[in-house]
Amino acid sequence: MAAYREASESQAQLLEALVEAGHLIPSGVPGVYGRGSDYEAVRLAFDAYVTRAALAAGETPEVLRFPPVLPRRQIEDLGYLENFPHLAGSVFAFEGSEGQARAMAEVAGQHGDWSEHQHPSDLCLTPAVCYPVYPAVARRGTLPAGGVTIDPGASYAFRHEPSGDPARLQMFHMRELVRIAEPETVQTWRDSWRDRALALLVDLGLDARFDVANDPFFGRAGRMMAASQRDQALKFEILVDITDPEPTAIASFNYHQDHFSGLYGIETADGGTAHTACLGFGHERIVLALLKTHGLDVAAWPGEVRSLLWDSVG
Ligand code: ATP
Ligand code: ZN
């Protein structure tokens, strides 16, 4: 069984209130919820708000979309199982005879363990929405002058971290933007988006601030990688207080240096190794932060917040 994280009292209370209000629809599995119509309307409006902000900043990112599964081979190439073995989800499927299918169905019908009848497929679940972007851009050959900015949209990410905290999901939407270019261009872009994103979230009434952060690398070697990531300020997060005991990261800004570009061989127009950076807004956590701040009745939210989300054009 996966390590299940118990909810704190305030997390359990918030979850109950969200279910009661129809914002979340429990599936029976911790961290997997359906979404009610107001919740979903806020989520989609926030996504459009980010798209408008990119345009207003003079960016016209290229839209690419990918399904929420990755080739198993890509997870292997990325070393994901070294760094995050505890979060990965791989897709298994049945391959066998009619007799084996009957045996599997019988065990499954009694809620027994039917895993012996399952075989690895070519797929894993996508843990970060930017992952398919790097090989896709690499396939095109050398980057154009100035590099590229890609908008892979708000797609599902899976992370196997079952929890009673309504902010810690197993399946959630991450809105990403990705910059692939010369190192200085990429760093400037990451920092300007960190500042822009903070302003966007503060404008929505959230008590948000940013801080250096690290990815949840696994094990003892992972602790060293996390420390080095912090020392080099490769990752920033925007934090808000939603429940006790800790603040919640609602967005992150990541400078990968040549981690992805080296692996896939992405070169800049003048023949150097490109660098990459991405940002990720955690949709569900942002909706949660807004509901916590402005109340569970979305129709009664302050007019300025509603008009930023729904009325503004531009
Ligand atoms: P990478 O460099 O691996 O691509 P990333 O920026 O794409 O990193 P994270 O920083 O790990 O990915 O996550 C981005 C955002 O997704 C987080 O700031 C958070 O808001 C949201 N998020 C992460 N894990 C969860 C979760 N379990 N439940 C809900 N939202 C999550
Ligand atoms: Zn990313």
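The values are calculated or read from the model by the stated rules, or taken from the named source; none is laboratory data. Just so you know, these numbers come straight off a predicted model, no measurement behind them. Virtual Cβ from ideal backbone geometry, glycine too; neighbours counted across all protein chains shown. What goes into the accessible areas is simple: the full protein's heavy atoms, side chains included, and nothing from ligands, DNA or RNA. Shrake-Rupley method; radii C 1.70, N 1.55, O 1.52, S 1.80 Å.
Numerical summary
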item: Charge dipole of region 111-241 about the Cα centre (unit charges at C-beta), most positive-ward option of 133, 202, 236; result: 133
item: Per residue value of the accessible surface for the chain (all protein chains in place, 1.4 Å probe), Å²; result: 49
item: Summed residue charge, Cβ within 10 Å of residue 178's Cβ, Lys/Arg positive, Asp/Glu negative; result: -2
item: Rounded percent of accessible protein surface that carbon and sulfur make up, region 78-183, 1.4 Å probe; result: 53
item: Relative contact order %, the chain, counting alpha carbon pairs below 8 Å whose residues are six or more apart; result: 22
item: Cα-centre dipole for region 92-216 with unit charges at Cβ (Lys and Arg positive, Asp and Glu negative), debye to 20; result: 440
item: Gap separating the Cα centres of region 39-67 and region 212-279, nearest whole Å; result: 22
item: Percent carbon-and-sulfur accessible area, region 3-51, ignoring ligands, DNA and RNA, probe 1.4 Å; result: 55
item: Mean ellipticity per residue at 222 nm, deg cm²/dmol - from DSSP H runs of n ≥ 4 across the chain, formula -39500 (n - 2.57); result: -11000 deg cm²/dmol
item: Ranked order, 90, 163 - accessible area, probe 1.4 Å, largest first; result: 90, 163
item: Solvent-accessible ranking of 255, 33, largest area first, probe 1.4 Å; result: 33, 255
item: Candidate residues 82, 184: accessible-area rank, largest first, probe 1.4 Å; result: 82, 184
item: Accessible carbon and sulfur surface of region 194-246 relative to its total accessible area, %, 1.4 Å; result: 51
item: Cβ-Cβ FRET estimate between residue 139 and residue 108, R0 fixed at 25 Å, reported to 0.05; result: 0.05
item: Label-point separation in nm, residue 37 to residue 93, each point 7 Å along Cα→Cβ; result: 3.6
item: With all protein chains modelled, accessible area of residue 278 [1.4 Å, Å²]; result: 10
item: Computed lengthening from residue 300 to residue 263, 0.36 nm per intervening residue step minus Cα-Cα distance; result: 8.4 nm
item: Dipole of the chain, positive end: most advanced residue of 54, 36, 118 [Cβ charges, Cα centre]; result: 54
item: Solvent accessible area, Å² - residue 168, 1.4 Å probe, full protein context; result: 50
item: Nearest-10 value in Å² for the accessible area of residue 292, using the 1.4 Å probe; result: 100
item: Local net charge near residue 146, Cβ-Cβ under 13 Å (Lys/Arg +1, Asp/Glu -1); result: -4
item: Linear extension gain, residue 56 paired with residue 118, 0.36 nm per residue minus alpha-carbon span; result: 17.4 nm
